[in-house]
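A.B. asks: Have a look at this one.
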Amino acid sequence: MHPDRKGPTGVEVHLAPDEMVVSKADLLGRITYANSGFCKVSGYAEDELIGSQHNLIRHPAMPACMFELLWRRLKDRREVFAYILNLAKQGEHYWVFAHVTPSFDATGAVVGYHSNRRAPHDDALAKVKALYAELRSAELCHEDRTAGLRASADLLAKHLRALGVTYEQFVFSLSANTRLSSTE
């Protein structure tokens, strides 16, 4: 954790509908690029972000299974869309709808990751908050962090099976306003 970072205050900040938060990270998750939107919403100066682990902005209420899913997909050289709760430097929190992709060099090797984030729509966010609270609760029922992670991942899989959808279908079903394709 950054030495100046404060814990959650409960104060929510919102991205403007046209605001785009962009970052790039190396293979180890260290930030290599942060646009002005990222600096603004996170409360960190660019020089504080560059070289820091991207999980610097991880909110403690965010289910770990969502990051496991994200990293598994990225390691499989796949893009991922996800709703993410982040924590700003002064303790405010903010939600984003993230599109994260691997970055490739000329030979096709993965050299890092690129993330574009925008403001989520309220109708989708209400559903996400309820699901994430359930997932996080499942994690916290276990003293062992790995067991908690497994419990929340199993719960997410069960939820998707009950709906009869894949993760991608679930994400894009949350709101007609959040439908994006990888070609947009």
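A.B. asks: Filter the range 165-181 for residues that are open to solvent by less than 70 Å² (accessible area, probe 1.4 Å), in a loop (DSSP other than H, G, I, E, B) and at pLDDT below 90 and give the result.
C.D. replies: 174, 175, 180, 181
A.B. asks: Then there is this: Cβ-Cβ distance below 6 Å, separation of 6 or more or different chains: which pairs start in the range 100-111 with a residue that is farther than 11 Å from residue 27 by Cβ and free of Cβ contacts under 8 Å to residues at least 60 places away in the same chain and end on one that is surrounded by fewer than 12 Cβ atoms within 10 Å (Cβ to Cβ) and of a type in the set (A, V, I, L, M, F, W, C)?
C.D. replies: none
A.B. asks: While we're here: Of 31, 50, which residue is among the aliphatic types (A, V, I, L, M) and either over 30 Å from residue 147 (Cα atoms) or under 11 Å from the mean Cα position of the chain (by Cα) (or both)?
C.D. replies: 50
A.B. asks: A further question follows. Are any residues in the range 11-45 hydroxyl-bearing (Ser, Thr, Tyr), out of contact with any helix residue (DSSP H, G or I) (no Cβ under 6 Å at 6 or more places or on another chain) and free of Cβ contacts under 8 Å to residues at least 60 places away in the same chain, and if so, which ones?
C.D. replies: Those that are hydroxyl-bearing (Ser, Thr, Tyr), out of contact with any helix residue (DSSP H, G or I) (no Cβ under 6 Å at 6 or more places or on another chain) and free of Cβ contacts under 8 Å to residues at least 60 places away in the same chain: 33, 36, 44.
A.B. asks: Now a separate question. For the list (1) closer than 18 Å to residue 173 by Cβ; (2) modelled with pLDDT of 95 or more; (3) open to solvent by 70 Å² or more (accessible area, probe 1.4 Å), I need the number of the one condition that residue 150 fails.
C.D. replies: It fails just one condition, (1).
A.B. asks: How do the strands (runs of 3 or more DSSP E) wholly within the range 12-119 filter down when requiring 2 or more residues that are of a type in the set (D, E, K, R) and buried (at least 17 other Cβ atoms within 10 Å of the Cβ): which remain?
C.D. replies: 110-118
A.B. asks: Go through the range 96-133 and give me each residue that's among the aliphatic types (A, V, I, L, M) and under 23 Å from residue 17 (Cα atoms).
C.D. replies: 96, 98, 100, 119, 124, 125, 126, 128, 130
A.B. asks: Which of the following residues is more than 10 Å from the chain's Cα centre (by Cα) and within 27 Å of residue 146 (Cα to Cα): 109, 124, 88?
C.D. replies: Of the residues listed, the single one that is more than 10 Å from the chain's Cα centre (by Cα) and within 27 Å of residue 146 (Cα to Cα) is 88.
A.B. asks: Output the residues belonging to the range 122-141 that are closer than 15 Å to residue 84 by Cα and either in contact with a Lys or Arg (Cβ under 9 Å, 6 or more places away or on another chain) or open to solvent by less than 70 Å² (accessible area, probe 1.4 Å) (or both).
C.D. replies: Across the range 122-141, the qualifying residues are 124, 125, 126, 128, 130, 131, 132, 133, 135, 136.
A.B. asks: Go through (1) out of contact with any helix residue (DSSP H, G or I) (no Cβ under 6 Å at 6 or more places or on another chain); (2) within 19 Å of residue 71 (Cβ to Cβ); (3) of a type in the set (D, E, K, R) for residue 118 and report which single condition fails.
C.D. replies: So the condition that residue 118 fails would be (2).
A.B. asks: State which residue pairs qualify: first residue over 15 Å from residue 35 (Cα atoms) and inside the range 47-59, second residue outside any strand (DSSP E or B) and open to solvent by 20 Å² or more (accessible area, probe 1.4 Å) in any location, beta carbons under 6 Å apart, and separation of 6 or more residues or different chains.
C.D. replies: 56/2
The values are calculated or read from the model by the stated rules, or taken from the named source; none is laboratory data. Model, not experiment: these values are computed from the prediction. Here the Cβ is made from the backbone with ideal geometry for all residues, glycine too, and neighbour counts use every protein chain on show. In case anyone asks, the SASA skips ligands and DNA or RNA and just uses the protein heavy atoms, side chains included. Shrake-Rupley method; radii C 1.70, N 1.55, O 1.52, S 1.80 Å.
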